[in-house]
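**Student:** One structure coming up, written as structure tokens, with questions to follow.
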Amino acid sequence: MCFLLSYENLRKDSEIVAYVEAANNVLGAIGYTEHGMAHAVKTGEDASRVLASLGYDERECELAKIAGLMHDIGNAVNRCDHAQSGAFLAFELLRARKFPVAEVIKITTAIGHHDEKTAAAVTPLAAALILADKSDVRTSRVRNKKTVHDDIHDRVNYAVFSSKLDVDREKRMICLTLKIDTLVCPVMEYFEIFLDRMVLCKKSAEFLGCDFELIINDTRLL
């Protein structure tokens, strides 16, 4: 596969970086957690690792990294329907870089199905992207510590000091393990805002032929 079509090249592409940064700035302006390169890269790498752990080929894992890198760029247009607008933007950017149509379809389908309001694990790539995106909960995503007391999303992210998404191929198990500071946020608050996302992760794991576990502070909750 041509280097120009590689994840590493796209990660350094000034136009794509500009879209990721613009989307992150929009979300910052309306009070959302970090959705910049840190989240984009982590999402892509985790999605790729999920597929690799389950035996998917190298190129499919590369496409997962690309989908993760670009999955939130639609926020540069508007938070509303950002998965769909992001898919259209990704289509234009990838076709301009001469990506094969079949690969563009895989990536845009995954991006278009990642937001929980309209999400569905319709392909392995979409399922892996959902799992990686919804499991990225961590302290460093909080932009302003002053909002922790009043904003439940910031409080939950700020309370999570350890997050691991593991795949056991033999047991066909995907497990999200969190460590939460319950002095900052009780476990019930995590479920208050993330229950729908965890159900979506369970469905995505099932699409990949796996069970899904959620373990918080050494207690299995799903």
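**Student:** Using helices alone, I'd like the mean residue ellipticity at 222 nm for the chain: each DSSP H run of four-plus residues gives -39500 (n - 2.57), total over residue count, nearest 500.
**Tutor:** One gets -17000 deg cm²/dmol as the mean residue ellipticity at 222 nm.
**Student:** Same structure, new question: Tilt of helix 187-207 relative to the longest C-alpha principal axis of the chain, in degrees (0 to 90, nearest 10)?
**Tutor:** 40 degrees
**Student:** Where a ≥ b ≥ c are the square roots of the eigenvalues of the C-alpha gyration tensor, would you call the stretch 69-122 rounded, which needs a/c under 1.5, or, failing that, prolate if a/b is larger than b/c, or oblate?
**Tutor:** Since a/c reaches 1.5 but b/c is at least a/b, the shape of the stretch 69-122 is classed as oblate.
**Student:** Under 1.5 on a/c is rounded, so check that first for the stretch 104-222, then, if it is not, pick prolate when a/b is larger than b/c and oblate when it is not; a ≥ b ≥ c are the square roots of the alpha carbon gyration tensor eigenvalues.
**Tutor:** Oblate, because a/c is 1.5 or more while a/b does not exceed b/c.
**Student:** Put ASP211, ASP72, ASP196, ASP168 in order of accessible area, largest first, 1.4 Å probe: what do you get?
**Tutor:** The residues order as ASP196, ASP211, ASP168, ASP72, largest area first.
**Student:** Note down the magnitude of the dipole of the stretch 110-169 about its Cα centre, charges +1 on Lys and Arg C-beta and -1 on Asp and Glu C-beta and zero elsewhere, to the nearest 20 debye.
**Tutor:** I would put it at about 240 debye.
**Student:** What ranking of ASP150, ASP46 comes out by heavy-atom accessible area, probe 1.4 Å, highest first?
**Tutor:** ASP150, ASP46
**Student:** Right, something else. Over the stretch 67-127, average the accessible area per residue using a 1.4 Å probe and give it in Å², no decimals.
**Tutor:** With the other protein chains kept in place, the stretch 67-127 gives 40 Å² per residue.
**Student:** Can you give the angle from 0 to 90° between the axis of helix 101-112 and the longest principal axis of the chain, with both taken from C-alpha atoms, to the nearest 10?
**Tutor:** Value to nearest ten degrees: 20.
**Student:** Which value, in Å² and to the nearest 10, is the accessible area of PHE88 when all protein chains are kept and the probe is 1.4 Å?
**Tutor:** The accessible area comes out at roughly 150 Å².
**Student:** Another question about this same structure. If you roll a 1.4 Å probe over the chain with all protein chains in place, what percent of the accessible area is carbon or sulfur?
**Tutor:** 54 percent
**Student:** Here are some pairs, LYS42/LYS164; LYS134/LYS203; LYS65/LYS145; which of them have Cα atoms lying more than 21 Å apart in this structure?
**Tutor:** LYS65/LYS145
**Student:** Which one of THR177, MET70, ALA128 has its Cα pushed farthest toward the positive end of the charge dipole of the stretch 63-180, where Lys and Arg give +1 and Asp and Glu give -1 at the Cβ?
**Tutor:** After comparing all options, I get THR177.
**Student:** Could you compute how much accessible surface ILE30 exposes when probed at 1.4 Å, giving the result in Å² to the nearest 10?
**Tutor:** Answer for ILE30: close to 100 Å² accessible.
**Student:** ARG220: accessible area at probe 1.4 Å, nearest 10 Å²?
**Tutor:** My reading of the accessible area for ARG220 is about 150 Å².
**Student:** With a/c under 1.5 counting as rounded, go ahead and sort the stretch 71-174 into rounded, prolate or oblate using the C-alpha gyration tensor (a ≥ b ≥ c being the square roots of the eigenvalues; past the cut-off, prolate if a/b is larger than b/c, else oblate).
**Tutor:** It comes out oblate by the Cα gyration axes.
**Student:** I've got another one for you. So what's the angle, to the nearest 10 degrees on a 0 to 90 scale, between helix 58-70 and the longest Cα principal axis of the chain?
**Tutor:** With both axes taken from Cα atoms, the answer is about 70 degrees.
**Student:** Suppose all protein chains stay in the model; what accessible area per residue would a 1.4 Å probe give for the stretch 1-66, in Å²?
**Tutor:** That works out to 46 Å² per residue.
The values are calculated or read from the model by the stated rules, or taken from the named source; none is laboratory data. These numbers come from a predicted model, not from an experiment. Quick reminder, even Gly has a Cβ in these numbers, built from the backbone with ideal geometry, and neighbours come from all protein chains shown. Each accessible area value is taken on the protein alone, full model and side chains, heavy atoms only, with ligands, DNA and RNA left out. Shrake-Rupley method; radii C 1.70, N 1.55, O 1.52, S 1.80 Å.
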